[in-house]
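Read the structure below first, then the notes.
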Amino acid sequence: MTLAELLPSLGAVEPLTGQCWPRGTHLGPDADLVVDGTGLVGLAARFGTPCHVLSEGHARAAARDFRRALPRAEVLFAGKSAPIRAVYSWMADEGLSLDVCSAGEVEVGRAAGVPGARMVLHGNAKTDDDLKAAVAHGVRRVVVDSASELPALAALCPAGQEVLIRVIPEVDAHTHAAITTGVRGQKFGVPAEDLPAVAAAIARHPNLTLVGLHCHIGSQVTRVAAYETAVRRMVHLLPGPLRDLDLGGGFAAPYHPGEPTFDVQGFATRVQIALQQECAARRLPQPTLLVEPGRSIVANAGITLYRVVSVKPGFAAVDGGMSDNPRPSLYGARYAPRLLGRTTRAHRTPTTVVGRHCESGDIIAENAPLPADLHPGDLLAVPATGAYHTALASNYNMVCRPPVISVHNGHATPRIRRESLSDLMARDLG
Ligand SMILES: Cc1ncc(COP(=O)(O)O)c(C=O)c1O
Ligand SMILES: N[C@@H](CCCC[NH3+])C(=O)O
């Protein structure tokens, strides 16, 4: 029996293992966890559950890791991963630009004080409203996903609008099919053979200027080698000297103890060497590298707090679920919850933590080793919920979405308030 397995039977607190929790998280008194200086048990009492907690310190440090590893590159925060004004402004503070893909994300960026000159607009179906919002805010670069969007873009954009072309690099990132984007047969980007025609079509619009190429191979990508292949292919596809080469994001985050964090430094080294070699071989000047990390910056900054509402053999049901975290039902993702706020001598038993929604796929964690005496009122903390949780949340079953509370150096600040029944009814016109 390992020490970790033995401790619960002694009534001791389980040690924290793995890299899923925000940096610096440590055990507090009475089986609490202290995140960025703040105890989670007190936060749950103060703000209620379910509740998303975000460590500002972790998010900022992870952003700095990218800046340090790639000092000559432009690092853009993938705004879709955490469309929260405070998060966008932390990222801007840390010197990151912003990748947006809707009028809504432009608006959050504008409210956070991010200038259009630091934004890139993406999307495979940009509406006129998206383009107008981007133009109104002076978004400097737009990534073209197909030639068919050029007339609308040229009609709405000002003279000198910079564009990049999103190309399919034909690199399989070996991630979930729903978030694989670098291969043929998915909806994003232009096949390599169509690139010359799209570049020629851009050249026919006098107010559009082609400044670079873009690719994005997928999300929750663990293999650095996939990016190295992508950069080599992309340099091969450059139609001539271009200013920008945007490799997208997708860098993996750990969701379970034992999963590694993405090797940002290793990525930077290998990709920069590949870029230099391929450009030298083609006698091209090296473009500026752009990267668009989202998940790898914010996923492990986040924790969701839930109360257990009911238990039955093998199951514990909590006061949230797929409305605040649809990732298990979308991608088969599974999380690693931890009991907070009390010690117990009960043995650990495989417990499936489920949500409150009317679907049997509403599962947060399958067979998680949790104390056998789990009961209503217990507090569970689920790590690695900082990316694509608030972004993907819904009001399924007319459930109010949870608040987002940031913590930093012992201070807790509400960033998104809890939704109310009147918020829910406000759009129902009877
Ligand atoms: C174009 C683009 N850039 C960046 C990202 C960010 O991905 P991630 O949050 O996995 O880093 C995405 C999402 O996959 C994307 O579609
Ligand atoms: N929503 C996905 C990531 C999508 C990446 C955006 N292109 C997830 O939660 O894993």
Checking VAL271 against (1) more than 26 Å from MET91 (Cβ to Cβ); (2) within 15 Å of ligand 1 (Cβ to nearest atom), only one condition comes out false. Which one? (1)
Of these, ALA381, ALA412, which one is surrounded by fewer than 21 Cβ atoms within 10 Å (Cβ to Cβ), away from ligand 1 (no atom under 16 Å from the Cβ) and of a type in the set (A, V, I, L, M, F, W, C)? ALA412
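Rundown of residues vs (1) in the same structural domain as VAL142 (by the TED database); (2) without any contact (Cβ under 8 Å) to a residue 60 or more places away in the chain, yes/no style:
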position: THR38; (1), (2): no, no
position: GLY42; (1), (2): no, yes
position: ALA63; (1), (2): yes, no
position: GLU74; (1), (2): yes, no
position: VAL87; (1), (2): yes, no
position: MET91; (1), (2): yes, no
position: GLY104; (1), (2): yes, yes
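Does SER360 satisfy the criteria of being without any contact (Cβ under 8 Å) to a residue 40 or more places away in the chain, within 18 Å of THR390 (Cβ to Cβ) and open to solvent by 10 Å² or more (accessible area, probe 1.4 Å)? Write out each step before concluding.
Details: without any contact (Cβ under 8 Å) to a residue 40 or more places away in the chain: yes; within 18 Å of THR390 (Cβ to Cβ): no; open to solvent by 10 Å² or more (accessible area, probe 1.4 Å): yes.
Answer is no for this residue.
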Number of the condition not met by GLU56 [criteria: (1) out of contact with any Cys (no Cβ under 9 Å at 6 or more places or on another chain); (2) within 16 Å of SER406 (Cβ to Cβ); (3) more than 16 Å from ligand 1 (Cβ to nearest atom); (4) open to solvent by less than 10 Å² (accessible area, probe 1.4 Å)]: (4)
Run down ASP319, ASP263, ASP324, ASP244 and say which single residue is among the acidic types (Asp, Glu), within 28 Å of CYS400 (Cα to Cα) and away from ligand 2 (no atom under 16 Å from the Cβ). ASP319
Considering each residue of region 45-61, count those that are free of Cβ contacts under 8 Å to residues at least 40 places away in the same chain and among the small types (Gly, Ala, Ser), and give that number. 2
Which residue out of GLU162, GLU170 is open to solvent by less than 70 Å² (accessible area, probe 1.4 Å), more than 16 Å from ligand 2 (Cβ to nearest atom) and touching a residue at least 12 places away in the same chain (Cβ under 8 Å)? GLU162
Scope region 66-92; condition under 19 Å from LEU54 (Cα atoms) and either under 11 Å from the mean Cα position of the chain (by Cα) or within 16 Å of ligand 2 (Cβ to nearest atom) (or both); matching residues: PHE77, ALA78, GLY79, LYS80, SER81, ALA82, PRO83, ILE84, VAL87
Do we have GLY386 as in the same structural domain as MET91 (by the TED database), in contact (Cβ under 8 Å) with a residue 60 or more places away in the chain and within 16 Å of ligand 1 (Cβ to nearest atom) here? no
Which one of ALA336, ALA368 is among the small types (Gly, Ala, Ser), touching a Cys at 6+ places or on another chain (Cβ under 7 Å), over 14 Å from LEU305 (Cβ atoms) and in the same structural domain as GLU14 (by the TED database)? ALA336
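Any residue that is within 16 Å of ligand 2 (Cβ to nearest atom) and free of Cβ contacts under 8 Å to residues at least 40 places away in the same chain - is there at least one of those in region 186-208?
yes
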In region 142-151, what residues are within 25 Å of SER97 (Cα to Cα) and touching an Asp or Glu at 6+ places or on another chain (Cβ under 8 Å)? VAL142, VAL143
Criterion violated by GLY104 - all others in (1) of a type outside the set (Lys, Arg); (2) open to solvent by 20 Å² or more (accessible area, probe 1.4 Å); (3) touching an Asp or Glu at 6+ places or on another chain (Cβ under 8 Å) satisfied: (3)
ILE273 passes all but one of the listed conditions (1) out of contact with any helix residue (DSSP H, G or I) (no Cβ under 8 Å at 6 or more places or on another chain); (2) under 22 Å from CYS400 (Cα atoms); the exception is number (2)
Over region 277-303, the set of residues touching a Cys at 6+ places or on another chain (Cβ under 7 Å) and within 16 Å of ligand 2 (Cβ to nearest atom) is ASN300
Look at region 120-138 and say how many of its residues are of a type in the set (S, T, N, Q) and in contact with a helix residue (DSSP H, G or I) (Cβ under 8 Å, 6 or more places away or on another chain). 1
Look through region 184-206, keep the residues that are under 18 Å from ALA226 (Cα atoms) and within 14 Å of ligand 1 (Cβ to nearest atom), and return whichever of them is surrounded by the most Cβ atoms within 10 Å (Cβ to Cβ). GLY189
Within region 34-55, can you find the residues that are closer than 13 Å to GLY302 by Cβ and in a strand (DSSP E or B)? VAL35, CYS51, HIS52, VAL53, LEU54, SER55
Restricting region 1-41 to residues that are modelled with pLDDT under 95 and among the small types (Gly, Ala, Ser), the residue that is farthest from GLU56 (Cα to Cα): SER9
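The values are calculated or read from the model by the stated rules, or taken from the named source; none is laboratory data. Everything numeric in this text was worked out from a predicted model, so none of it was measured. Cβ atoms come from the backbone with ideal geometry, glycine included; neighbour counts cover every protein chain shown. Just the protein is used for accessible areas: all its heavy atoms, side chains included, with ligands, DNA and RNA removed. Shrake-Rupley method; radii C 1.70, N 1.55, O 1.52, S 1.80 Å.
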